[in-house]
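Peer 1: Would you mind keeping the following structure in view while I ask a few things?
The values are calculated or read from the model by the stated rules, or taken from the named source; none is laboratory data. What you see is a predicted model, and the numbers here were worked out from it, not measured in a lab. Using ideal geometry, Cβ is built from the backbone for each residue, glycine included, and neighbour counts are taken over all protein chains shown.
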Amino acid sequence: MDTIIRTRIVDLLKRTDFGAMVNVKGWVRTRRGSKQVNFIALNDGSTIKNIQIVVDLANFDEEMLKKITTGACLSVNGELVQSVGAGQAAEIQAREIEVLGECDNTYPLQKKGHSMEFLREIAHLRPRTNTFGAVYRIRHNMAIAIHQFFHERGFYYFHTPIITASDCEGAGQMFQVTTMNLYDLKKDENGSINYDNDFFGKQASLTVSGQLEGELAATALGAIYTFGPTFRAENSNTPRHLAEFWMIEPEVAFNDINDNMQLAEDFIKHCVRWALEHCYDDVKFLNDMFDKELIARLEGVIKEEFVRLPYTEGVKILEDAVAKGHKFEFPVFWGADLASEHERYLVEEHFKRPVILTDYPKEIKAFYMKQNEDGKTVRAMDVLFPKIGEIIGGSEREADYDKLLARVEELGIPMKDMWWYLDTRKYGTCPHSGFGLGFERLLLFVTGMTNIRDVIPFPRTPNNANF
Ligand code: 4AD
Ligand code: MG
């Protein structure tokens, strides 16, 4: 076969220099046609769109043609021609075809229209489907959008450790990291495990958040963000929880809660706008296939100003709804941690736009949040989104050493884990704020997918760590 430099399909479909000889490589999506002419839809992952390869059967070897089956990998040399068929501008009149990889009829993606559940069982092959190609391309673009947003605003990308000895959220949902022999665990006279001889000489876990280390950086570099894998051993088998997910955590010195809310709103809007501008074909595909209101919802979020509402008022609205006969599965009262059905009621039914709920009861929030004068609430902020519920959680931080220490002691957090964090308040403390955005929650929103397992390539959930 002649050597011609390969062109990606996304670039080929933009070309109008018909008559040029080109090379494409990709995987066969479908093959149809008559005894004389066949049409192959080839996809190389560079776009949701396929390129059509027109094959005059008389010009090719019969044995080779037999190998062009759904899923097979081809290299095609041919002439770029203007397409007569509807739906595409250009196609390729094949001159030479090489089958790089055959694909027999055990290939599970023969027919279209597999269930999402089935595709999860073949997560090693699902990137070859239109749907997952679109989702993973959007995932990439969202990561770029995030770095771009912060870089342009002078934030530094700061790498926080994945292995840690502190439980940032204090929820005790950590995966332990150990090299101890689990078949021969040594315990002391009280029955406790002695970690002195473990790899780190102390009990260690996978991080649930990079925030505490992020605060160290923000109170030196000014504004930072983290973007990394995050682990939670919460046994919640819901469409919105993963045991391993990615989180973006900006942290900014001198920002108060209002600056923090504005940053969160600007940030999410930037990401959503980016998806519409840079991934329109993929978003449109998902809109048409799964969720006819997706694009309207994305455009709505960019246009609307987010509601800002204290928790106490949010609870009143929910209690009123209950009084008027609205049924929730979980009870709602002042002091309750809101369930996703409550969050979604506020967003989807009551306000019909995103809501930032603030000033939560301190008992249901983490120890580091700034305490309000009322002694009952803290300067927390959760951003609530249509279809998702909580997409961001954050707060202004307690900057006062004595108040923070009192809270640490009240909650019985061991000082041996916290002394370095408290030092930020001891040496040149300053007001500062930050938040965490769940990357996969953002992707749920932007793709319209309804299960978080379908926006990360290889989901980790209770009882599942395949692939
Ligand atoms: O509300 P969370 O627990 O807040 C923190 O971890 C803070 N340290 C963030 C900060 O202020 N820097 O988590 C933040 C976000 C949630 O709003 C949600 O979007 C996502 O992380 N998240 C999860 N996403 C997928 N699976 C899980 N199990 C998640 N837990 C939290
Ligand atoms: Mg939260």
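Peer 1: Tally up the residues in segment 411-444 that are within 16 Å of ligand 2 (Cβ to nearest atom) and either surrounded by fewer than 16 Cβ atoms within 10 Å (Cβ to Cβ) or within 30 Å of Ala123 (Cα to Cα) (or both), please. Give the derivation first.
Peer 2: Going through segment 411-444, the residues within 16 Å of ligand 2 (Cβ to nearest atom) turn out to be 433-442, 444.
If we keep only those that are either surrounded by fewer than 16 Cβ atoms within 10 Å (Cβ to Cβ) or within 30 Å of Ala123 (Cα to Cα) (or both) as well, we get 436-442, 444.
Summing the residues that are within 16 Å of ligand 2 (Cβ to nearest atom) and either surrounded by fewer than 16 Cβ atoms within 10 Å (Cβ to Cβ) or within 30 Å of Ala123 (Cα to Cα) (or both) in segment 411-444 gives 8.
Peer 1: How many residues are assigned to a helix (DSSP H, G or I), within 16 Å of ligand 1 (Cβ to nearest atom) and at pLDDT 95 or above if we restrict to segment 410-445? Don't jump to the end; show me each part of the working.
Peer 2: First, the residues of segment 410-445 that are assigned to a helix (DSSP H, G or I): 410, 415-426, 439-445.
The next check asks that each one be within 16 Å of ligand 1 (Cβ to nearest atom); those that pass are 417-418, 421, 424, 439-445.
Next cut, at pLDDT 95 or above only: 421, 424, 439-445.
Matching residues across segment 410-445 total 9.
Peer 1: Additional query: When you go through (1) part of a helix (DSSP H, G or I); (2) β-branched (Val, Ile, Thr); (3) at pLDDT below 95 one by one for Val272, which number turns out not to apply?
Peer 2: Of the numbered conditions (1) part of a helix (DSSP H, G or I); (2) β-branched (Val, Ile, Thr); (3) at pLDDT below 95, the odd one out for Val272 is (3).
Peer 1: Can you pull out the strands (runs of 3 or more DSSP E) entirely within segment 306-401 that have at least 3 residues that are within 14 Å of ligand 2 (Cβ to nearest atom) and within 29 Å of the chain's Cα centre (by Cα)?
Peer 2: Details: elements: 307-310, 355-361, 377-385, 389-396.
By residue number, 355-361, 377-385, 389-396.
Peer 1: Could I ask something else about it? With touching a residue at least 12 places away in the same chain (Cβ under 8 Å) and part of a loop (DSSP other than H, G, I, E, B) as the only criterion, which of Phe132, Phe150, Phe200 stands out? Explain how you work it out, then say what you get.
Peer 2: Details: Phe132 fails: part of a loop (DSSP other than H, G, I, E, B); Phe150 fails: part of a loop (DSSP other than H, G, I, E, B).
Of the residues listed, the single one that is touching a residue at least 12 places away in the same chain (Cβ under 8 Å) and part of a loop (DSSP other than H, G, I, E, B) is Phe200.
Peer 1: Does segment 182-205 contain any residue that is under 30 Å from Arg425 (Cα atoms) and exposed (fewer than 11 other Cβ atoms within 10 Å of the Cβ)?
Peer 2: Filtering segment 182-205 for residues under 30 Å from Arg425 (Cα atoms) gives 195-196, 200-205.
This time we only want the ones that are exposed (fewer than 11 other Cβ atoms within 10 Å of the Cβ), so: 196, 201.
Yes, segment 182-205 contains at least one residue that is under 30 Å from Arg425 (Cα atoms) and exposed (fewer than 11 other Cβ atoms within 10 Å of the Cβ).
Peer 1: Another question about this same structure. What are the residues in segment 385-403 that are hydrophobic (A, V, I, L, M, F, W, C) and away from ligand 1 (no atom under 13 Å from the Cβ), if any? Before you say what the answer is, go through the steps one by one.
Peer 2: So the first thing to find is which residues in segment 385-403 are hydrophobic (A, V, I, L, M, F, W, C), and the list is 385, 388, 391-392, 399.
Ala399 - this is the single residue of segment 385-403 that is hydrophobic (A, V, I, L, M, F, W, C) and away from ligand 1 (no atom under 13 Å from the Cβ).
Peer 1: Is it fair to say Ser83 is in contact with a strand residue (DSSP E or B) (Cβ under 6 Å, 6 or more places away or on another chain) and without any contact (Cβ under 8 Å) to a residue 40 or more places away in the chain? Quick ask: steps written out before the conclusion?
Peer 2: Working: in contact with a strand residue (DSSP E or B) (Cβ under 6 Å, 6 or more places away or on another chain): yes; without any contact (Cβ under 8 Å) to a residue 40 or more places away in the chain: yes.
Yes, satisfied.
Peer 1: Restricting attention to segment 340-358, and to residues there that are buried (at least 21 other Cβ atoms within 10 Å of the Cβ) and not hydrophobic (A, V, I, L, M, F, W, C), which single residue is nearest to Ile388 (Cα to Cα)?
Peer 2: Here the residue is Glu343.
Peer 1: Let me ask something additional. So Arg407 ticks every box in (1) under 16 Å from Pro361 (Cβ atoms); (2) more than 14 Å from ligand 1 (Cβ to nearest atom); (3) not in a helix (DSSP H, G or I) but one. Which box is left unticked?
Peer 2: (3) is the only condition that Arg407 fails.
Peer 1: Now for a different question. So the check is Cβ under 8 Å with 6+ separation or different chains; which pairs have a first residue in segment 63-77 that's in contact (Cβ under 8 Å) with a residue 24 or more places away in the chain and a second one that's among the aromatic types (Phe, Trp, Tyr) and in a strand (DSSP E or B)?
Peer 2: Partner pairs satisfying both residue conditions: Gly71/Trp27; Ala72/Trp27; Cys73/Trp27; Leu74/Trp27.
Peer 1: Going by what's in this entry, would Pro354 be described as in contact with a Lys or Arg (Cβ under 9 Å, 6 or more places away or on another chain), under 26 Å from Phe306 (Cα atoms) and either within 15 Å of ligand 1 (Cβ to nearest atom) or modelled with pLDDT under 95 (or both)? Walk me through it before giving the result.
Peer 2: Values: in contact with a Lys or Arg (Cβ under 9 Å, 6 or more places away or on another chain): no; under 26 Å from Phe306 (Cα atoms): yes; either within 15 Å of ligand 1 (Cβ to nearest atom) or modelled with pLDDT under 95 (or both): yes.
Considered against the rule, which asks whether it is in contact with a Lys or Arg (Cβ under 9 Å, 6 or more places away or on another chain), under 26 Å from Phe306 (Cα atoms) and either within 15 Å of ligand 1 (Cβ to nearest atom) or modelled with pLDDT under 95 (or both), Pro354 comes out as no.
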